[in-house]
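What follows is calculated from the coordinates using simple rules that are stated; it is not laboratory data. Remember, predicted model here, so these are calculated numbers, not experimental data. All Cβ positions, even for glycine, are placed from backbone atoms using ideal geometry, and neighbour counts span all protein chains on display.
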Amino acid sequence: MVFDFLKGQFIDVIHWTDDTRDTMVWRFERQGHEIKYGAKLTVREGQAAVFVHEGQIADVFGPGLYMLETNNMPIMTALQHWDHGFQSPFKSEIYFINTTRFNDLKWGTKNPIMTRDPEFGPVRLRAFGTYSMRVTDPARFMSEIVGTDGEFTADEISFQIRNVILQEMSRALAASNIPVLDMAANTADLGKLVATAINPKIAEYGLSLPELYIENISLPEAVEAALDKRTSMGIVGDLNRYMQFNAAEGMAQANSAAGAAMGAGMGAGIGMGMAQNMGPWGAAPAAASAPQMAPPPPPPPAPEKLWHTAKDGATHGPFSRSHLGRMITEGAFARETLVWTAGQDGWKPAGEIAELAQLFTVAPPPPPGA
C-alpha cells in the first residue's frame, strides 16, 4: 500500500493534446508531483517539448516517444551531474510548444505611409493584409518571448510582429519606386520582398513568417476621387463631341425642358405663318391667289473643324483654319507641323492634309530679312 501511494506521487506519462487554435505554449502542470525516472514523454506532430530546470532551459524534444533517462536528457544530466546509475525522481518544468502554422493573422497600417510617386509626386498610402507565423526555434522562443508564462497565445506576440511588418512595409513601399497605379499588379512581389526582409528580425524571436500577403494598397479618398474624374475624362474623349451629343439627346426627349421649348418655338412659328395668310377676320380673301410653297431653308453650315498642333512633346490648340493661316505668316506653323482633329486617325503633317495644304499655297512668302 505504501509503495502504491508513493508511486502515485510520481508522474510517469507526460503528453499534451492541443484542442485550441491559438495556444502557442502550454506548461505541463505537475501540481507538486515529481517526474519519475524513465517516465514516458509523448510529443505529437506539430509540437515540441522544452524542459526548464531551475530556471535554465535544458533539453528540447521534437515529435516522438521518449523514455526520460540519462541517455535522452544530455543537458539535464550535465546540469544535475547524474551518473549512469541514476534512478531517482526529479523535478523539472515542461513546456509544450505548438510548432504548426498560425494562419490568417491580420496586419494593417495605423498611419499613412509617405512615398514619392513618379507621376503624382508625394502621396500617402495605406495597406493591409494577412500573414502566417510558426515557431522554428522552441528554446529561443521560450527565452526571448514566453519566459515563465504558463499559457501563451498567438495574440500576445501578434502585436509585436505587426510592428515589425509595418516598419519593413514602410521602408519597402518608400524604396520600391513602383508607380501607385502599378502597385496592384505587384503586391505579390512586394509581399515576398517584405517577408524576406522581416525573417532575420523574426528569427531572433525563434519565429518565421512562411507567408505574408498584401491584400490592398489604397490612396486617400480625395486622391481616389481625383483619379476617378481623370478616368471619366479619358472615357469621354473629345469634350466638344460629348457636349454636342448630350445637347442633341436632351432636345430629342419630349419630356425634357429643351424639347418642350423647341416644340413651343415651332408652334409659334407655324401660327405666325398661318396668321399672315389669313384676312383681318380670320378668313383668307376670296381674290387671293393660291398659296405658293415656300422654298426649303438652306441646310445649316457644317461645323468648322478645330485643329490641335504638337510641338516639342506638347500639344497646343484648338485652332481654327483661319487662325492656322495667320500662324503661317508668323512662322509658327509649317507643312511639317503635326496636327490632329476629331475623327482623324493619329497625328499627321499639315502638308499632307488637303484642307490645310491650301493654306501654304496662298500664304505670302516670308518678308525680306526674316
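Points to keep in mind about this one:
- Scattering from segment 130-180 was approximated by placing one identical point on each alpha carbon and applying the Debye formula without solvent; log10 I(q)/I(0) at 0.13, 0.15, 0.18, 0.28 1/Å stands at -0.45, -0.56, -0.71, -1.15.
- In summary, segment 102-223 shows an alpha-carbon radius of gyration equal to 1.16 times the 2.2 N^0.38 Å reference for compact globular proteins.
- Using only Cα coordinates, the Kirkwood hydrodynamic radius of segment 307-362 works out to 11.2 Å.
- Eligible aspartates and glutamates near Lys40 by straight Cα distance, threshold 19 Å, same-chain separation 8 or greater: Asp4, Asp12, Asp18, Glu29, Asp59, Glu69, Glu93
- Net charge, Asp22 excluded, C-beta distance under 15 Å - Lys, Arg +1, Asp, Glu -1: -3
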